[in-house]
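Here is the structure we will look at.
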Amino acid sequence: MIRHALILAAGRGRPVADPETPNCLSTVGGIPLVLRTLRVLARAGIQQVGIVVGWKASELRLRVEELVASERLSLLDLTFYENPAWDRPNGLSVLAARSFVRERTLLVMADQITAPHLVGDMVKVPASGATTILAVDRDLSRVFDFDDATKVRLAPAKDNKALLHVSAIGKNLDTHDAVSAGLFVMSPSLIACLDTLAAASEPSLTEGVAEAARRGLVEAYDVGGALWQDVDSAEMRQHAEWLLRVYGDDLHHPDVRGTVRATGMDTLALIERLLAEKDAPRYTLFNPGPVMTSARVKAALVHYDTCHRDEDYSGVMRRLQEKLRPVFGASPEHEMILVTGSGTAAMEMSVTSVVPPGKKILIIENGAFGERLAEIAQIHHLPMVRLSFPWGSLPDPAAVAATLARDPDIAVAAMIHHETSVGVVNPVGAVGRLCRQAGVILVVDAVSSLGVEDLDVERDCVDICYSSANKCLHSCSGVSFLCVAPVVWPRIEEIPPRVYYLDLRRYRRYLTELAQTPFTPAVSSFFALETALDEFFEQGGGPARRATYRRRNLLIRRVLTDLGFQSFTNTGRESHTISTMRVPPEISVDDLYARMKARGFIIYRCKGALSRHYIQIANMGDLPDATVDAFLGAMADVVSAVREAARAKERGRLRSL
């Protein structure tokens with residue numbers, strides 16, 4: 001077990017707070033960085049700590065000794081080493097403490113926060129050994145400042161394929177698998193490598209590790225989702241503050257991985273260079289669709305020109321059928337009808353194609369999208385019964401049962417699964433069982449729920465369920481699809497078409513006979529949808545995505561509540577995808593929207609009567625944890641700034657009295 005730890009605290013670096021105070025004495029989470037590090041080391045069982053000082057060495061040494069004494073960290077045996085060349089490469093700091101490194105030693109940076117359990121795990125390795133162990137993070141989506149990060153290329157060990165070695169390291173590696181987390185179990189062999197390099201020049205620590213890697217002397221230790229953050233700039237300090245505020249001093253974080261950088265990153269880099277030439281700002285979307293998409297999905301949009309009437313493209317259609325069925329919980333007999341158009345196109349196709357002449361459609365509504373169902377029925381002069389519930393309340397299955405019993409002319413019922421405008425998930429299963437007993441076709445809108453909320457068309461007795469690509473499936477807008485049960489087709493075969501482009505039976509005929517669509521599809525968006533579905537299943541399918549969304553949503557709700565926002569609903573059936581929140585009284589919806597947009601984030605103004613006082617924050621799409629954290633940090637800063645301005649204004653008013 002490792003008992004020695006070396007802290008590098010010599011350099012000046014970019015100031016993260018007071019430019020005349022060493023960064024490691026700056027407070028993060030209310031505690032000086034160096035004290036936080038010492039606490040973690042003591043908790044991990046470290047007994048001897050070496051600290052390399054340089055810039056303002058006397059001030060730093062005195063302050064560290066005071067902190068140790070006040071914290072009663074007497075079990076830590078401190079030794080200070082001075083690096084007079086503190087303004088030159090940090091490999092010299094390691095060499096300044098060469099006498100301390102008599103066995104494997106934990107090496108940490110003074111300007112960093114690290115999850116205590118990660119440090120605790122790393123010190124469990126044997127104190128003897130020729131290899132240095134480098135903590136690496138392979139979840140590149142979580143890296144706060146990727147350009148500043150030290151990249152790492154990994155390779156299997158020759159004698160043990162399960163063990164990964166570091167084959168190359170540097171900030172500018174073209175190909176890489178991970179980044180350095182800035183935490184090492186350093187072998188004395190690393191000192192030897194630095195000595196070799198020092199004979200020709202002044203080496204950095206990274207250069208020393210690269211030399212050791214060339215000799216096969218650096219193993220990789222995957223942090224496995226553990227949180228860490230360098231604090232090398234004011235922005236990084238702000239992010240570190242936020243991580244501690246959200247996850248606590250233990251930085252406890254569920255091991256749910258984000259999207260890693262894939263081969264599509266090369267294509268994405270090209271796209272971003274082209275976008276950079278355009279006069280258009282870049283925003284991170286926290287609105288309920290379109291959503292942020294992965295590099296791999298973006299890359300799928302770039303392809304050779306394809307004819308939609310060719311057999312190769314029919315293969316895409318067949319594969320989409322197979323990949324969409326399990327997302328809906330559908331049987332092999334269910335047919336997937338793909339439409340070029342938004343979710344509203346699928347909504348209109350469903351409503352207009354299934355109501356027999358002389359029969360009625362029951363619209364169950366409790367928000368804006370339920371009302372849209374009614375608008376479509378009204379425009380097409382379909383006989384309609386509207387069962388309306390207040391926005392944000394849940395439809396009552398007993399009221400649905402009574403309505404069906406009163407009116408035998410109702411042939412179709414339609415409702416929204418996740419009423420996006422208010423953020424509640426409606427009881428589709430209960431309504432589905434009632435409709436099945438009454439012989440009524442149930443049409444369900446799952447535009448903003450498919451892939452995350454609990455929905456199974458067979459279990460829930462849903463006859464037609466439609467959704468779109470650009471919500472919880474993380475694809476591009478412009479494609480929607482309907483899952484149609486086999487019992488539907490004989491019941492609608494005599495219904496005359498009410499629309500041309502959105503005739504459901506026409507789409508089925510082209511699908512079954514040709515594996516094509518009747519009209520030219522959005523070819524590129526279909527490719528992107530297939531890629532998004534591949535990612536969906538590779539990441540664990542519905543249960544895994546639901547867990548990720550649930551974690552994000554709970555975090556967003558908790559933080560916004562702490563900031564003074566209030567949830568519009570408390571039904572117990574709030575969605576995992578959207579938070580509908582009343583803004584604090586000190587700030588208007590428009591002001592909050594503008595301030596967040598200025599910081600690079602798009603939020604959503606609510607619809608209808610909620611638009612004056614409520615916003616929606618969607619946690620859909622490819623959103624790395626670092627992005628969510630940065631977003632919440634920006635929200636906290638905006639609200640704090642508005643409140644401070646209000647207090648200053650009040651102080652000015654009082655002084656004028």
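Suppose the chain between ALA17 and LEU78 were pulled fully straight at 0.36 nm per residue; how much longer would it get relative to their current alpha carbon spacing?
Working: separation 61, 0.36 × 61 = 21.96 nm, distance 2.60 nm.
Difference between extended and current length: 19.4 nm.
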Over what distance in Å are the Cα centres of region 177-225 and region 459-478 separated? 49 Å
Centre separation in Å (Cα based) which lies between region 313-364 and region 1-74: 61 Å
Over all directions, the average projected area of the alpha-carbon convex hull for region 298-535 comes to how many nm²? 11.9 nm²
J(HN,Hα) series, region 495-506, from Karplus relation 6.51 cos²θ - 1.76 cosθ + 1.60, nearest Hz, glycine and proline x: 7, x, x, 9, 9, 8, 5, 10, 7, 4, 5, 4
Residue-averaged 222 nm ellipticity for the chain, from DSSP H runs of 4+ at -39500 (n - 2.57), nearest 500: -12000 deg cm²/dmol
Helix 397-406 axis, angle to the chain major axis (alpha carbon atoms, nearest 10°): 10 degrees
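So what's the projected area for region 59-154, the Cα convex hull averaged over all directions, in nm²?
Values: hull surface 34.6 nm².
Average projection, Cα convex hull of region 59-154: 8.6 nm².
What percent does the relative contact order of region 31-104 come to when contacts are Cα pairs within less than 8 Å and at least six residues apart? Write out the running numbers ahead of the final one.
Details: 65 pairs, mean separation 27.0, N = 74.
Dividing the mean separation by the residue count of region 31-104 yields 37 percent.
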Amide H within-cut-off set for VAL385, under 5 Å, with H built and near neighbours excluded: ILE361, LEU362, ILE363
Ranking HIS381, HIS165, HIS613 by Cβ neighbours within 10 Å, fewest first, what do you get? HIS381, HIS613, HIS165
Can you give me the orientation-averaged projected area of the convex hull built on the Cα atoms of region 4-247, in nm²? 12.4 nm²
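Test of understanding: what is the full-extension gain from ARG433 to HIS613, defined as 0.36 nm times their sequence separation minus their Cα-Cα distance?
Extending this stretch completely gives an extra 61.1 nm.
Quick one: net charge of HIS4's neighbours, Cβ under 15 Å, K/R +1, D/E -1? Mind showing how you got there, number by number?
On the way: positive: ARG3, ARG98, ARG102, ARG104, LYS124; negative: ASP77, GLU103.
Cβ neighbours under 15 Å give a net charge of +3.
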3J(HN,Hα) from dihedral phi, region 424-434, Karplus parametrisation 6.51/-1.76/1.60, rounded to Hz, x for glycine, proline: 10, 9, 7, x, 4, x, 5, 5, x, 5, 5
With a Förster radius of 45 Å, plug the Cβ-Cβ distance of ASP222 and GLU65 into 1/(1 + (r/R0)^6) and report the FRET value to the nearest 0.05. 0.80
In the neighbourhood of ALA646 defined by beta carbon distances under 13 Å, the net charge of the other residues (Lys, Arg +1; Asp, Glu -1) is +1
Under the rule of at least 5 residues apart or a separate chain, name every residue whose amide H is placed under 5 Å from the amide H of VAL125. ILE2
Would you please give the residues with an amide H less than 5 Å from that of PHE80, counting only those at least 5 places away or on a separate chain, with H modeled from the backbone geometry? ILE51
How much of the calculated P(r) for the chain lies past 32 Å, in percent of all Cα pairs? 58 percent
Which of the chymotrypsin sites (Phe, Trp or Tyr not before Pro) found in region 397-505 are in a DSSP loop and have at most 14 neighbouring Cβ atoms, other than their own, within 10 Å? TYR500, TYR501
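Take the residue pairs LYS171/LYS471; LYS56/LYS171; LYS607/LYS649; LYS56/LYS124; LYS597/LYS649 and return only those whose Cα atoms are more than 30 Å apart. Don't skip to the answer; put the middle values down first.
Details: LYS171/LYS471 35 Å; LYS56/LYS171 28 Å; LYS607/LYS649 32 Å; LYS56/LYS124 34 Å; LYS597/LYS649 25 Å.
As for pairs spanning more than 30 Å Cα to Cα, those are LYS171/LYS471; LYS607/LYS649; LYS56/LYS124.
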Output wanted: per-residue J couplings in Hz (rounded whole) for region 642-657, from phi through Karplus 6.51 cos²θ - 1.76 cosθ + 1.60, θ = phi - 60°, x for Gly and Pro. 5, 5, 5, 4, 5, 5, 5, 5, 5, 4, x, 5, 5, 5, 7, 6
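For region 570-657, which GluC sites (Glu not before Pro) pass both filters: DSSP loop (anything but H, G, I, E, B) and at most 16 other C-beta atoms within 10 Å?
Values: sites: GLU574, GLU586, GLU644, GLU650; in loops: GLU586.
Loop-located and lightly packed - GLU586.
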At what distance in nm do the modelled label points of GLN539 and ASP249 sit from each other, each positioned 7 Å from its Cα along Cα→Cβ? 3.4 nm
Estimated inter-spin distance, SER388 and GLU375, nm [label 7 Å along Cα→Cβ]: 1.4 nm
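Only sites in a loop by DSSP and with at most 13 other Cβ atoms within 10 Å count here; which trypsin sites (Lys or Arg not before Pro) in region 302-383 make the cut? Numbers along the way, then the final one.
Details: sites: ARG309, ARG318, ARG319, LYS323, LYS359, LYS360, ARG372; in loops: ARG309, LYS359.
Qualifying residues, ordered by number: ARG309.
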Give me ILE31, ILE376, ILE441 sorted ascending by neighbouring Cβ count inside 10 Å, so fewest comes first. ILE31, ILE376, ILE441
For region 447-543, treating each Cα as an identical point scatterer without solvent, what Debye log10 I(q)/I(0) comes out at q = 0.10, 0.20 1/Å? -0.32, -1.19
On a 0 to 90° scale, report how tilted helix 343-354 is relative to the longest principal axis of the chain, with both axes built from alpha carbons and the result rounded to the nearest 10. 20 degrees
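What is the chain's relative contact order, in percent, from Cα pairs under 8 angstrom and six or more apart in sequence?
Details: 1276 pairs, mean separation 83.4, N = 657.
It comes to 13 percent, rounded to a whole number.
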What FRET efficiency, computed as 1/(1 + (r/R0)^6) with R0 = 30 Å and r the Cβ-Cβ distance, is obtained for ASP195 and ASP87, rounded to the nearest 0.05? 0.90
Tell me, LEU502, LEU173, LEU473 in order of fewest to most beta-carbon neighbours within 10 Å? LEU173, LEU502, LEU473
Using the Cβ atoms and a cut-off under 12 Å, what net charge is assigned to the surroundings of LEU76, where Lys and Arg are +1 and Asp and Glu are -1? +1
Angle between the Cα long axis of helix 234-247 and the longest principal axis of the chain, 0 to 90 degrees, nearest 10? 70 degrees
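Here, each number is a calculation from the coordinates, and none is a lab measurement. The structure presented is a predicted model; accordingly, all values stated were derived computationally and were not measured. All Cβ positions, even for glycine, are placed from backbone atoms using ideal geometry, and neighbour counts span all protein chains on display.
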